[in-house]
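Peer 1: This is the structure I want to talk about, given as structure tokens.
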Amino acid sequence: MNTSDQYLKVIYLVQQVEDGPASTGRIADMLDVSPASANEMIGKLQERGFADHEKYKGVSLTEEGIVRARDALQTYCIIERFLIEVLEVERFREEAKTLETVIDSTVAERLDTIIDRESQCPSCFAPEADVCELLECDAVESVDSEMAD
Amino acid sequence: MSITRAVGSDHQLARLLQIGMVLEEVVEARAYKHAQSMETEPEAEILALLEDAAEESAEHRTKLESLVDKLEAEPVPFDQIEPLVEAQYGQTKPEDFDGVLYDQLCNEETAYKFYDDVITAIEASETSFSIDRHHLVTVLSGIREEEADGVEEVTTMMESRQ
């Protein structure tokens with residue numbers, strides 16, 4: 001997944017959590033980049049018609065941006081589910097986040113041919129919990145219990 | 001989360017190589033399924049293509065397994081992936097020979113893209129891996145080259161059928 005798609009995915013998720021425009025600071029935090037880098041990329045996304053940035057308000061995705069963000073989120077969901085179902089990785093969220101920078105959507109589509117993914121994906125992704133809410137496995141339970149502690 | 005497209009550890013490298021093994025196993029298993037599931041006997045040319053694809057994927061898998069072993073990670077056995085392909089095949093199987101060729105083209109292109117991205121991420125990394133970096137990149141580049149040849153071969157066959 002390329003850098004701009006990672007930004008679009010994060011903006012989409014932050015907008016859902018904040019129920020409005022996504023703040024640049026929150027976007028930068030989630031991507032572990034400096035606010036200056038985030039601002040630069042957001043400017044590029046705006047130039048390409050994927051996002052609107054209003055000073056002091058934040059970033060909102062355009063319709064085209066939302067489509068691309070959902071595609072990127074779906075790629076992430078495939079990687080996450082593949083790690084659990086096929087490779088039985090316990091720390092699947094942590095690993096999915098490092099792998100999504102290298103795994104392209106075309107590669108994810110091939111991995112998708114051997115996993116069970118629900119048709120409503122990626123709408124079933126819960127942004128606050130940062131995980132697909134339909135995942136049922138011990139690994140998810142352990143993540144939930146960690147969050148509760 | 002990080003947006004760096006670089007492989008940062010032995011663990012991440014091994015995971016990517018395991019994914020490569022699975023991709024090869026999917027190609028191999030789907031090629032067998034295509035050959036078995038066609039309602040009419042496949043043309044000799046297509047049958048040969050599928051056999052070559054399965055054979056080449058098995059060779060690539062062996063090379064990747066050797067790298068995974070050196071990283072002291074677990075390889076992904078073919079008999080673990082074959083039933084998963086079988087289980088989902090009904091929903092994704094091509095309808096005719098042209099569909100089989102298109103599926104094969106997607107396989108080759110996807111594999112090429114995967115190895116290209118992994119090589120780029122290795123080259124962008126400053127991590128000192130526990131296996132020789134030159135050997136690693138040489139093996140992966142060789143596989144990538146064969147995938148590029150595969151794309152060309154399938155494309156030529158598709159064009160000749162039009």
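Peer 1: Return P(r) of the protein assembly as shown (all Cα-Cα pairs; 20 Å bins starting at 0; whole %; ordered from short to long distances).
Peer 2: With 20 Å bins starting at 0, P(r) equals 31, 55, 14, 0.
Peer 1: Excluding same-chain residues fewer than 8 positions from B:K33, which lysines have a Cα within less than 22 Å of its Cα?
Peer 2: Hits, sequence-local ones excluded: B:K93.
Peer 1: At 10 °C and 1.306 mPa s, what whole-number value in µm²/s does Stokes-Einstein give for the translational diffusion of the range A:3-66, with Rh from the Kirkwood sum over Cα pairs?
Peer 2: D, rounded to a whole number, is 143 µm²/s.
Peer 1: Other chains near A:3-11: what is the mean number of their Cβ atoms within 10 Å of each residue's Cβ?
Peer 2: Average per residue, whole number: 1.
Peer 1: OK, next. Semi-axes, largest first, in whole Å: what does sqrt of 5 times each Cα gyration tensor eigenvalue give for the range B:10-161?
Peer 2: 30, 17, 11
Peer 1: Mean separation of Cα pairs under 8 Å and 6+ residues apart, divided by the residue count of chain B: what relative contact order is that in percent?
Peer 2: For chain B, the relative contact order is 34 percent.
Peer 1: Here's another thing I want to ask about it. Once amide H atoms are built 1.01 Å from N in the peptide plane, which residues 5 or more positions from A:V89, or in another chain, come under 5 Å H to H?
Peer 2: Excluding prolines and chain starts, which carry no amide H, the hits are A:I84.
Peer 1: If each DSSP helix of 4+ residues adds -39,500 (n - 2.57) and the sum is divided by the residues in the protein assembly as shown, what number results at 222 nm, nearest 500 deg cm²/dmol?
Peer 2: -23000 deg cm²/dmol
Peer 1: Taking the Cβ of each residue in B:H60, B:H134, A:H53 as the centre, tally the other Cβ atoms inside 10 Å and list the residues starting with the fewest.
Peer 2: B:H134, A:H53, B:H60
Peer 1: Sticking with this structure for a sec: Please report Rg (one decimal) and Dmax (integer) in Å for the Cα set of the range A:1-121.
Peer 2: For the range A:1-121, the Cα radius of gyration and maximum Cα-Cα distance read 14.8, 45 Å.
Peer 1: Right, next: Relative contact order of chain A, please, whole-number percent, based on alpha carbon pairs below 8 angstrom and at least 6 residues apart.
Peer 2: 24 percent
Peer 1: Give me the extension gain from B:S37 to B:D69: residue separation times 0.36 nm, minus the current Cα-Cα distance, reported in nm with one decimal.
Peer 2: 8.1 nm
Peer 1: Further, regarding this structure: Please work out how much length the chain gains when fully extended from A:E40 to A:T62, using 0.36 nm per residue of separation minus the C-alpha to C-alpha distance, in nm with one decimal.
Peer 2: Computed gain between A:E40 and A:T62 is 6.2 nm.
Peer 1: Moving on to the next point. With a length cut of 24 Å (Cα positions projected on each helix's long axis) and a Kyte-Doolittle mean of at least -0.5, go through chain A and give me the DSSP H helices that pass.
Peer 2: A:63-85
Any read-out appearing in this document is the output of simple, stated calculations on the displayed coordinates, not a laboratory observation. If you're wondering where the values come from, they're calculated on a predicted model, not measured in any experiment. Cβ: placed from backbone, ideal geometry, glycine included. Neighbour counts: every protein chain shown.
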